[in-house]
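*Asks:* Dumping the structure here so I can ask a few things about it.
We did not get these values from a lab; they are worked out from the coordinates using the rules stated. Fair warning: this is a prediction, and the values are worked out from it, not measured in the lab. Neighbour counts are summed over all protein chains in view; Cβ atoms, including those assigned to glycine, are modelled from backbone coordinates with ideal geometry.
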Amino acid sequence: MKAVRSLRRIAAASVVLLATAAGAQPGMPEPGPRSGSHGGIGIQLDIGALWRTLGARSAAAQDESSLPGQIVGVFDADAMPDPNTVAAMVRAERVLAQRLETLDLALLLLEVAPDRTQTVLQQLRERYPDAVFDRHRQYTAQEAPSASGRQPVRYATRLIAAPDEPPRLEAAVRIGIIDGIPDPTLGLDVASLTLFPMAETPSGAEHATAVACLLACAPETGAPGLARGAHLLFAAVLATDRAGRTVSNTYTVARALDVLVSRRVDLVHMSLGTTADAVLGRVVQRVLPKVRGFVAAGGNRGPEGPAPFPASHPGVVAVAAVDADAKPWRGGTRGPHIAMAAPGVDLWLPVGGGRYFTGTSFAAPFVTAALAMRAARGQSTHASDLCAEAIDLPPAGRDDASGCGLLQWPATHRH
């Protein structure tokens, strides 16, 4: 119940703008939401069929990724019934209810006795067939233990044929990042840094700082970012639970996506994941047509592990990790969801005094940066454009370990 009370307090508070770095204009309102598509990679699909397909592989992992007794639902905003009526119908406690104004959806979070969860899910799905209900999922960072005790090695730019110190973006692209709160004192070279605390006591600072550094660390830090000059908008969804784990959940991530889209982000980046999440699937489906790209970590559950969400959602660019020899990372999740690969093993970053980072969490920012570079040049940001320039990795052709191949830095002459 402590987690439930915390969620109530978070939802009751308005979203606060914590900080704006040099280049932003404090006191100026953020741009309003865009209407229609922005050339993104959205796709129409039978969401029910998608989750039935993914469910077979992820069933064993679902219990450990869900919050006991908590059910979350998403409705079209205009079709949302009275939350108290819904709760009373299934003898549940209404925890939270909120409209996602930009995405035209509405969320409902209920709590029941854990042993009634499946029964109540079935009742809700039968009573409200146009809505989507699922267990309330936990989201975790897709990082893993890494090497240490060696001198800093920067192999990533060589592997993807990027300059050791790429120039700043030609135009300030807006990148929305769902993570923790990064350390703004690290030395980021950004047009602006905007922070939205979506959790009551945000955590995950080191993970978020590493993602921010890969995108925008200044050259003097020793690890120049590949999308310097971007506007970075961080929705801080990670928090520490009672077991000491750094996690988020469906309800908080959905709210974060709505906030970022309302701020007219061009790209969404998410180095977090969980098992199949039907409710957030409906939310992501609304997000995709409103952005130019959505990039996610491909997963750290090993070759036989379940494909994580949102990387498994059609239209999301799922990124696998490779090492300095362009070999797939042994801890990476494999499957048809993988779109491409990027460096993600033993990456040295000047975070926490300087250390190595490993995981698909840190491969994904390379793809986000490449899309930002293309967006800044006015080029297409479809994943197929990156695949056209990627280097095929063994075995020949598309495969479940590296997708279409190893990311290569966008060439200036290609459109």
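*Asks:* What order, most packed first, do the peptides 340-353, 260-273 have when packing is the mean number of other Cβ atoms within 10 Å of each residue?
*Replies:* Peptide ranking by packing, descending: 260-273, 340-353.
*Asks:* Let me ask something else about it. If packing is taken as the average number of other Cβ atoms within 10 Å across a peptide's residues, how do 400-411, 69-80 rank, most packed first?
*Replies:* 400-411, 69-80
*Asks:* Between Ile391 and Asp241, what length in nm is gained on full extension when 0.36 nm per residue of separation is reduced by their alpha carbon distance?
*Replies:* Computed gain between Ile391 and Asp241 is 49.9 nm.
*Asks:* To continue, here is another question. Can you compute log10 of I(q)/I(0) for the range 141-389 with the Debye formula, treating each Cα as one identical point scatterer, at q = 0.09, 0.17 Å⁻¹?
*Replies:* -0.32, -1.34
*Asks:* I need the Debye-formula profile for the range 75-187: one equal scatterer per C-alpha, no solvent, reported as log10 I(q)/I(0) at q = 0.10, 0.17, 0.21 1/Å, two decimals.
*Replies:* The computed values of log10 I(q)/I(0) come out as -0.60, -0.96, -1.32.
*Asks:* Same structure, new question: Calculate the translational D of the range 196-262 in whole µm² s⁻¹ from Stokes-Einstein, where the hydrodynamic radius comes from the Kirkwood formula applied to all Cα pairs, the temperature is 4 °C and the viscosity 1.567 mPa s.
*Replies:* Value of D from the Cα-based Kirkwood radius: 99 µm²/s.
*Asks:* If you don't mind, there's one more thing I want to ask. Counting only the backbone N, which residues of the range 161-195 are under 16 Å from the spot 7 Å out from the Cα of Thr201 toward its beta-carbon?
*Replies:* 181
*Asks:* In what order do Thr274, Thr360 fall by count of nearby beta-carbon atoms within 10 Å, going from fewest to most?
*Replies:* Fewest to most other Cβ atoms nearby, the residues stand as Thr274, Thr360.
*Asks:* Let me ask you something else. Taking the alpha carbon gyration tensor of the range 274-415, what are the square roots of 5 times its eigenvalues, largest first, to the nearest whole Å?
*Replies:* 21, 20, 16
*Asks:* With only Lys, Arg, Asp and Glu charged, each at its Cβ (+1 for the first two, -1 for the last two), find how big the charge dipole of the range 299-376 is about the Cα centre; round to the nearest 20 debye.
*Replies:* It works out to roughly 80 debye.
*Asks:* Further, regarding this structure: Suppose every Lys and Arg Cβ carries +1 and every Asp and Glu Cβ carries -1, with no other charges. What dipole size does the range 141-389 come out with about its Cα centre, to the nearest 20 debye?
*Replies:* Around 440 debye, computed over the range 141-389.
*Asks:* Let me ask something else. Which one, Pro314, Ala363, Leu349, projects farthest toward the positive side of the charge dipole computed for the range 267-403 from Cβ point charges (K/R +1, D/E -1)?
*Replies:* So the residue furthest toward the plus end is Pro314.
*Asks:* Expressed in nm², what is the orientationally averaged projection area of the convex hull enclosing the Cα positions of the range 159-294?
*Replies:* 9.1
*Asks:* Sorted from fewest to most neighbouring beta carbons within 10 Å, what does the list Lys290, Lys327 look like?
*Replies:* The order, fewest Cβ neighbours first, is Lys327, Lys290.
*Asks:* While we're here: Would you mind calculating the gained length between Thr185 and Ala411 on full extension (0.36 nm times residue separation, minus the Cα-Cα distance), in nm to one decimal?
*Replies:* Gain in length upon complete extension: 78.2 nm.
*Asks:* Please compute the modelled spin-label separation between Arg91 and Asp400, points set 7 Å along Cα→Cβ, answer in nm with one decimal.
*Replies:* For Asp400 paired with Arg91, the spin-label model returns 4.3 nm.
*Asks:* Less than 19 Å from a label point 7 Å out along the Cα-to-Cβ axis of Arg158: which backbone N atoms in the range 334-357 qualify, by residue?
*Replies:* Zone members listed by number: 342-350, 356-357.
*Asks:* Could you tell me the calculated FRET efficiency between Ala324 and Ala77, based on Cβ-Cβ distance and R0 = 51 angstrom, to the nearest 0.05?
*Replies:* Taking R0 as 51 Å, the efficiency between Ala324 and Ala77 is 0.60.
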